[in-house]
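The values are calculated or read from the model by the stated rules, or taken from the named source; none is laboratory data. Because the structure is a prediction, the values reported are computed rather than measured. FYI the Cβ positions are ideal-geometry reconstructions off the backbone, even for glycines, and counts take in every protein chain you see. Please note that ligands, DNA and RNA were not included when accessible areas were found on the heavy atoms of the full protein model with its side chains. Shrake-Rupley method; radii C 1.70, N 1.55, O 1.52, S 1.80 Å.
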Amino acid sequence: MITCTSAAGLFSELKTRIETRQAQVGVIGLGYVGLPLALLYTEAKFRVTGFDIDQHKVATLTSGGSYIYRIPSTEIEAARLQGFCATANFSKLTEMDAIIICVPTPLDEYREPDLSFITNTSRAIAPYLRAGQLVVLESTTYPGTTEEVLVPILEGNGRGLKAARATTANGEDEFFVAFSPEREDPGNDSIARRDIPKVVGGLNSQASELGGALYGSIFNRVVPVSSPAVAEMTKLLENIYRCVNIALVNELKLLSLRMGLDIWEVIEAASTKPFGFQPFYPGPGLGGHCIPVDPYYLSWKAKEWDFQTRFIELAGEINSAMPYHVVSSVSRALNQQGKPLKGAKVLLLGVAYKKDIDDLRESPALTIIELLQKDGAQVSYNDPYFPLIGKGRHYDLQMKCVPVDDVSKYDCVLIVTDHSDYDYAWIVQHASLVVDTRNATRGIQGDNIVRC
Ligand SMILES: NC(=O)c1ccc[n+]([C@@H]2O[C@H](COP(=O)([O-])OP(=O)(O)OC[C@H]3O[C@@H](n4cnc5c(N)ncnc54)[C@H](O)[C@@H]3O)[C@@H](O)[C@H]2O)c1
């Protein structure tokens with residue numbers, strides 16, 4: 001913990017503590033983003049404390065267990081031996097030199113930003129804030145959140161502590177604030193997390209420098225930007241770029257289907273261009289905590305500026321229509337076999353929103369199941385990562401995973417997520433009808449395959 005009380009001393013002492021790995025790092029929100037980050041800092045020999053309001057997560061970590069599929073409990077055990085601990089006791093925040101916030105930023109029922117997790121966390125930090133601490137927000141959000149939402153709550157600490165700004169003289173009652181977006185691609189093992197450059201925007205140059213030092217100790221490259229808002233907008237640009245391009249390719253897939261062209265073959269051929277083209281792939285709809293959600297943070301904020309984000313709206317419209325396209329494709333394919341969708345037995349493969357990951361959030365599979373059930377289909381599912389589908393923010397399915405053994409007993413096998421575990425050739429050989437939304441059956445011949 002920092003002991004210096006002089007103004008400039010707070011900055012240089014914290015920087016030295018970070019550079020010499022003496023700094024205590026607190027990570028708030030031990031989910032898909034926060035827990036791996038806490039482990040990276042532990043590995044880099046920092047003393048790390050994880051904070052979460054979820055008592056079950058805290059208890060699991062404390063007993064050396066893991067609740068994230070790709071993090072084995074051996075990693076948690078190893079981190080615990082290095083001093084990592086998890087707690088729901090926020091008074092310990094005062095012992096931290098740097099506090100990194102990784103809490104959720106979902107949409108509310110009106111599809112508007114739900115910042116309650118950020119505001120609750122800020123309120124939980126404020127009473128324990130100290131001069132000379134660095135607070136970094138990592139949660140994806142609209143430009144302005146750090147300065148307009150986080151900082152005012154932190155400054156309402158009742159002890160006169162203020163965030164260090166470019167315009168303020170360096171006072172001894174100041175803390176430092178920055179924004180640095182998480183840019184991970186879950187399930188993508190081709191790039192190590194430390195090789196993903198870390199964008200950091202501080203409220204003033206000292207906060208940027210401290211953020212740079214903090215992240216520079218675990219990431220190979222830090223990209224400083226001029227403000228938290230630039231860093232916030234950078235993350236949104238990246239995700240909107242994906243969302244819009246996925247919508248484009250989804251729309252072109254629908255046209256290609258009508259024209260009798262294979263969009264996957266087209267994308268593969270276009271990808272041979274060595275410049276100016278990046279491939280995106282069509283699918284059953286968007287999923288995950290980021291791409292279907294983040295763009296709406298910006299469209300909401302844009303309204304404050306009397307600005308309509310038309311690309312975002314159009315992409316949302318196209319992408320959210322994809323589950324409906326999948327269901328009508330299943331219905332048409334069954335019809336070709338003289339069967340109605342009502343009463344048909346459908347086995348849905350893969351409910352995670354993406355291949356080989358254990359994340360169900362915003363998965364299009366959930367909408368597809370609901371739509372199929374509404375039309376009277378008898379739906380079963382298999383997903384190696386989900387033995388059960390219970391209740392979430394927008395669904396209540398209460399289904400149990402069934403084995404992929406006798407696929408011939410189903411009227412249709414519907415591939416929604418192309419997990420590597422499945423033997424697609426075997427499935428095509430034994431099923432009466434396979435509807436494939438992901439091109440998982442590429443290279444496999446069969447009159448019973450419908451690619452949609
Ligand atoms: N998951 C990803 O791949 C990914 C990638 C890039 C960015 N992000 C962004 O990172 C942020 C976190 O996402 P995530 O996937 O880790 O979410 P998550 O739901 O997996 O984890 C969030 C954690 O925060 C905890 N939490 C909620 N409120 C809290 C509070 N007041 N105090 C302490 N803990 C609290 C929850 O219990 C949970 O453990 C989001 O803004 C998300 O958009 C996520």
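If the condition is being within 24 Å of LYS92 (Cα to Cα) and either acidic (Asp, Glu) or touching a Leu at 6+ places or on another chain (Cβ under 7 Å) (or both), then the stretch 106-135 contributes ILE118, SER122, ILE125, ALA126, TYR128, LEU129, ALA131, GLY132, LEU134, VAL135. Before we move on, is LEU397 in contact (Cβ under 8 Å) with a residue 60 or more places away in the chain and closer than 20 Å to ALA344 by Cβ? No: the conditions fail for LEU397.
Kindly list, by first and then second residue, each pair from a residue in the stretch 138-160 that is closer than 15 Å to LEU298 by Cβ to a residue that is open to solvent by 60 Å² or more (accessible area, probe 1.4 Å), limited to pairs with Cβ atoms under 6 Å and residues at least 6 apart or on different chains. Pairs that qualify, where the first residue is closer than 15 Å to LEU298 by Cβ and the partner is open to solvent by 60 Å² or more (accessible area, probe 1.4 Å), are PRO143/MET233. Scan ALA352, ALA344 and give me the residue that is within 16 Å of the ligand (Cβ to nearest atom), buried (at least 18 other Cβ atoms within 10 Å of the Cβ) and farther than 25 Å from SER256 by Cα. Within the list ALA352, ALA344, the selection yields ALA352.
A quick yes/no check of all residues on (1) over 21 Å from the mean Cα position of the chain (by Cα); (2) away from the ligand (no atom under 16 Å from the Cβ):
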| position | (1), (2) |
| --- | --- |
| GLY285 | no, yes |
| GLY288 | no, no |
| ASP294 | no, no |
| LYS301 | no, no |
| GLU304 | yes, yes |
| SER320 | no, yes |
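Cβ-Cβ distances below 6 Å connect the following pairs, each with a first residue in the stretch 47-58 that is more than 20 Å from ALA23 (Cα to Cα) and outside any loop (DSSP other than H, G, I, E, B), a second residue that is more than 6 Å from the ligand (Cβ to nearest atom) and modelled with pLDDT of 95 or more, and a separation of six or more residues or different chains: GLN55/ALA88; VAL58/ALA86; VAL58/ALA88.
The sole residue among VAL223, VAL199 that is part of a strand (DSSP E or B), within 15 Å of the ligand (Cβ to nearest atom) and among the aliphatic types (A, V, I, L, M) is VAL199. Taking the stated definitions as given, is TRP305 out of contact with any Asp or Glu (no Cβ under 9 Å at 6 or more places or on another chain) and under 29 Å from ALA229 (Cβ atoms)? Judged against the criteria, TRP305 is a match.
Hey, does the stretch 122-133 have a residue that's over 24 Å from ASP185 (Cβ atoms), among the hydroxyl-bearing types (Ser, Thr, Tyr) and open to solvent by less than 10 Å² (accessible area, probe 1.4 Å)? Checked against the condition, which is being over 24 Å from ASP185 (Cβ atoms), among the hydroxyl-bearing types (Ser, Thr, Tyr) and open to solvent by less than 10 Å² (accessible area, probe 1.4 Å), the stretch 122-133 yields at least one hit.
Being within 11 Å of the ligand (Cβ to nearest atom) and under 17 Å from the mean Cα position of the chain (by Cα) is the filter; apply it to the stretch 108-121 and report the residue that is most open to solvent (accessible area, probe 1.4 Å). So the residue we want is PHE117. Against the test of being open to solvent by 10 Å² or more (accessible area, probe 1.4 Å), in a strand (DSSP E or B) and among the small types (Gly, Ala, Ser), the options SER380, SER408, SER432 yield a single qualifying residue, SER380. Pairing residues of the stretch 71-89 that are small (Gly, Ala, Ser) and within 14 Å of the ligand (Cβ to nearest atom) with residues that are open to solvent by 70 Å² or more (accessible area, probe 1.4 Å) and outside any helix (DSSP H, G or I), at Cβ distances under 9 Å and at least 6 apart in sequence or on separate chains, gives ALA88/ILE53.
Take THR42 and tell me if it is in contact with a strand residue (DSSP E or B) (Cβ under 8 Å, 6 or more places away or on another chain), at pLDDT 95 or above and assigned to a strand (DSSP E or B).
No: the conditions fail for THR42.
Please enumerate the residues belonging to the stretch 186-204 that are modelled with pLDDT under 95 and small (Gly, Ala, Ser). Matches in the stretch 186-204: GLY187, SER190, ALA192. I'd like the full set of residues that are open to solvent by 10 Å² or more (accessible area, probe 1.4 Å) and either out of contact with any strand residue (DSSP E or B) (no Cβ under 6 Å at 6 or more places or on another chain) or small (Gly, Ala, Ser) (or both), limited to the stretch 16-28. Within the stretch 16-28, THR16, ARG17, GLU19, THR20, ARG21, GLN22 qualify. The criterion of being closer than 20 Å to ASP294 by Cα and without any contact (Cβ under 8 Å) to a residue 40 or more places away in the chain does not hold for LEU388. Which is buried (at least 17 other Cβ atoms within 10 Å of the Cβ) and away from the ligand (no atom under 16 Å from the Cβ), of VAL136, VAL177? Every option except VAL177 fails the conditions.
So, of the residues in the stretch 90-100 that are β-branched (Val, Ile, Thr) and either within 8 Å of the ligand (Cβ to nearest atom) or surrounded by 23 or more Cβ atoms within 10 Å (Cβ to Cβ) (or both), which turns out to be farthest from THR141 (Cα to Cα)?
If we filter the stretch 90-100 for residues that are β-branched (Val, Ile, Thr), which is where we start, we get 94, 99-100.
Now drop any that are not either within 8 Å of the ligand (Cβ to nearest atom) or surrounded by 23 or more Cβ atoms within 10 Å (Cβ to Cβ) (or both), which leaves 99-100.
On the way: ILE99: 18, ILE100: 15 Å.
Looking at the filtered set, the residue picked out is ILE99.
In the set GLU13, GLU75, only one residue is open to solvent by 10 Å² or more (accessible area, probe 1.4 Å) and more than 26 Å from GLY288 (Cβ to Cβ); that residue is GLU13. Determine, yes or no, whether ARG183 is within 18 Å of VAL27 (Cβ to Cβ), more than 16 Å from the ligand (Cβ to nearest atom) and open to solvent by 10 Å² or more (accessible area, probe 1.4 Å). Criteria not met by ARG183.
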